[in-house]
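Q: Before I ask anything, let me first share the structure, which is written out below as structure tokens.
The values are calculated or read from the model by the stated rules, or taken from the named source; none is laboratory data. Note that this is a predicted model, so its numbers are computed, not measured. Positions of Cβ are backbone-derived with ideal geometry, glycine not excepted, and every protein chain shown enters the neighbour counts.
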Amino acid sequence: MQTLVVELGDRSYPIYIGPGLLGRADLLRPHIPGRQVLVVSNETVAPLYLEQAEAMLAGLQHGAVILPDGERYKTLEVLNRVFDALLERRFGRNCTLIALGGGVIGDMAGFAAACYQRGVHFIQLPTTLLAQVDSSVGGKTGVNHPLGKNMIGAFYQPRCVLADTDTLNTLPDRELSAGLAEVIKYGLIRDLPFLEWLEAHLEDLLERQPAALVYAIEQSCRNKAEIVVADERESGLRALLNLGHTFGHAIETGMGYGLWLHGEAVAAGIRLAADLSARLGWLQPDELERVVGLLHRARLPVHSPAELDDEEFLKLMAVDKKVQDGRLRLVLLQPLGHGVITEQVEPVLLRATLDACRQPGGAIP
Ligand code: NAD
Ligand code: GLY
């Protein structure tokens, strides 16, 4: 098992990474201060892992709320079911919410924990690669709005993250690839040696070799934790974690939540960001090829959907949390292995990228 710590003073917390952790009550229980625990999961993950998770809670007053599965259910309306379950059980301020699932469940349970009685304890048990390398760490929580992805939410840190890599064995291939988009992101924005390791070991990850997975999750969480510690509430540096996300969120919102997986939309978005970086002369042609080649090997889309024309795309991109005073800010690469946040993109160049990277006649990745 690997242990990392997100150093946030009295809100510091450990990230445990490794196989067999869902049975480790000894790791989990010290992070549950009270006696009341609600596990939040969904109808896909609960049949697989709820029993194991609840076995760690023996002796406590615990229950579970099972939400429908899917990005399209990441809404305020569905979130209300968590509040219903908490109130029906008369759970108080010292209760703990445990997210058991992927990023959708983690974001929703975390937001519920931030809001219920103005804040209760929260623990992450992430079960997708994407959640283990990204969404369970750093305290971004929330739900979608029909007009914009993740637009309603709060920063709210968990008390611990327990990433059992055995859970990845049941993850569909498409979801594994989606998680790899966020893994590749860390290499691109700040960790060239990790990017080179990914280029050398991508097939090991696709084959789910345990040691390779643990290494990739550990390096991803280390990178994320360092950024979160430096800029918890995204006043600057943390925006780098949004490489590809302004384009990606536009794709997710524009196509309808759930049609493209989040990681797929991010992958296409990373390709667009790399293309734009190359047009600015910040990325060399061979570096752009490396980015596209790695995403392609990870079985991720490298084109935006044909359905989104420039006007629609730009309109959707304007609904982005990085927009400041109406000005679009993008994360680009300058050079490979180093992300930059910039407002200095000529509209003509942005349109050239949108035109060049659109899937000719294609729809779903
Ligand atoms: P997800 O939560 O929808 O999970 C993907 C699918 O895999 C779902 O159908 C789920 O039920 C299923 N699943 C989960 N674990 C499984 C397992 N072990 N075996 C079999 N099936 C399993 O999607 P995701 O990719 O995990 O997360 C995407 C979400 O995370 C998006 O809403 C995105 O906005 C959010 N996100 C948040 C952050 C953050 O910092 N908070 C960062 C990145 C992404
Ligand atoms: N996934 C982006 C962030 O946590 O900031």
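Q: Go over the candidates R233, R238, R208 one by one and state the one that is of a type outside the set (A, V, I, L, M), within 13 Å of ligand 1 (Cβ to nearest atom) and either within 14 Å of the chain's Cα centre (by Cα) or crowded, with 22+ Cβ neighbours inside 10 Å (or both). Quick ask: steps written out before the conclusion?
A: On the way: R233 fails: either within 14 Å of the chain's Cα centre (by Cα) or crowded, with 22+ Cβ neighbours inside 10 Å (or both); R208 fails: either within 14 Å of the chain's Cα centre (by Cα) or crowded, with 22+ Cβ neighbours inside 10 Å (or both).
Answer to the selection: R238.
Q: Inspect segment 133-143 for any residue being farther than 25 Å from I227 by Cβ, touching a Leu at 6+ places or on another chain (Cβ under 8 Å) and surrounded by 20 or more Cβ atoms within 10 Å (Cβ to Cβ) and give the result as yes or no. First the steps, then the outcome.
A: Looking only at segment 133-143, we keep the residues that are farther than 25 Å from I227 by Cβ, and these are none.
The answer is no, given that none of the residues of segment 133-143 is farther than 25 Å from I227 by Cβ, touching a Leu at 6+ places or on another chain (Cβ under 8 Å) and surrounded by 20 or more Cβ atoms within 10 Å (Cβ to Cβ).
Q: Determine whether segment 287-302 contains at least one residue that is touching a strand residue (DSSP E or B) at 6+ places or on another chain (Cβ under 9 Å) and surrounded by fewer than 16 Cβ atoms within 10 Å (Cβ to Cβ).
A: Within segment 287-302 (the criterion being touching a strand residue (DSSP E or B) at 6+ places or on another chain (Cβ under 9 Å) and surrounded by fewer than 16 Cβ atoms within 10 Å (Cβ to Cβ)), the answer is no, since none of the residues qualifies.
Q: Shifting gears a bit: Tell me, which helices (runs of 4 or more DSSP H) wholly within segment 268-365 include 1 or more residues that are within 21 Å of the chain's Cα centre (by Cα) and at negative phi?
A: On the way: elements: 285-297, 310-317, 347-356.
Qualifying helices (runs of 4 or more DSSP H): 285-297, 310-317.
Q: Filter segment 197-247 down to the residues that are of a type outside the set (S, T, N, Q), over 29 Å from R329 (Cβ atoms) and not in a helix (DSSP H, G or I), then identify the one that is farthest from ligand 2 (Cβ to nearest atom).
A: E207
Q: For segment 298-337, which positions are touching an Asp or Glu at 6+ places or on another chain (Cβ under 9 Å) and among the basic types (K, R)?
A: Scanning segment 298-337 gives R299, K321, K322, R327, R329.
Q: Follow-up. Given the criteria closer than 19 Å to R299 by Cα, within 13 Å of ligand 2 (Cβ to nearest atom) and either touching a strand residue (DSSP E or B) at 6+ places or on another chain (Cβ under 9 Å) or not in a helix (DSSP H, G or I) (or both), does G263 qualify?
A: On the way: closer than 19 Å to R299 by Cα: yes; within 13 Å of ligand 2 (Cβ to nearest atom): yes; either touching a strand residue (DSSP E or B) at 6+ places or on another chain (Cβ under 9 Å) or not in a helix (DSSP H, G or I) (or both): no.
The answer is no for G263.
Q: For G248, state whether it is within 29 Å of K315 (Cα to Cα) and within 11 Å of ligand 1 (Cβ to nearest atom). Walk me through how you get there before you give the answer.
A: Numbers: within 29 Å of K315 (Cα to Cα): yes; within 11 Å of ligand 1 (Cβ to nearest atom): yes.
Against the criterion (within 29 Å of K315 (Cα to Cα) and within 11 Å of ligand 1 (Cβ to nearest atom)), G248 qualifies.
Q: Within segment 104-196, which strands (runs of 3 or more DSSP E) (wholly inside it) include 3 or more residues that are under 19 Å from L28 (Cα atoms), at pLDDT 95 or above and away from ligand 2 (no atom under 16 Å from the Cβ)? Break it down stepwise before answering.
A: Numbers: elements: 121-126, 140-145, 148-155, 160-164.
Because the criterion is at least 3 residues that are under 19 Å from L28 (Cα atoms), at pLDDT 95 or above and away from ligand 2 (no atom under 16 Å from the Cβ), the strands (runs of 3 or more DSSP E) in segment 104-196 that meet it are 121-126, 160-164.
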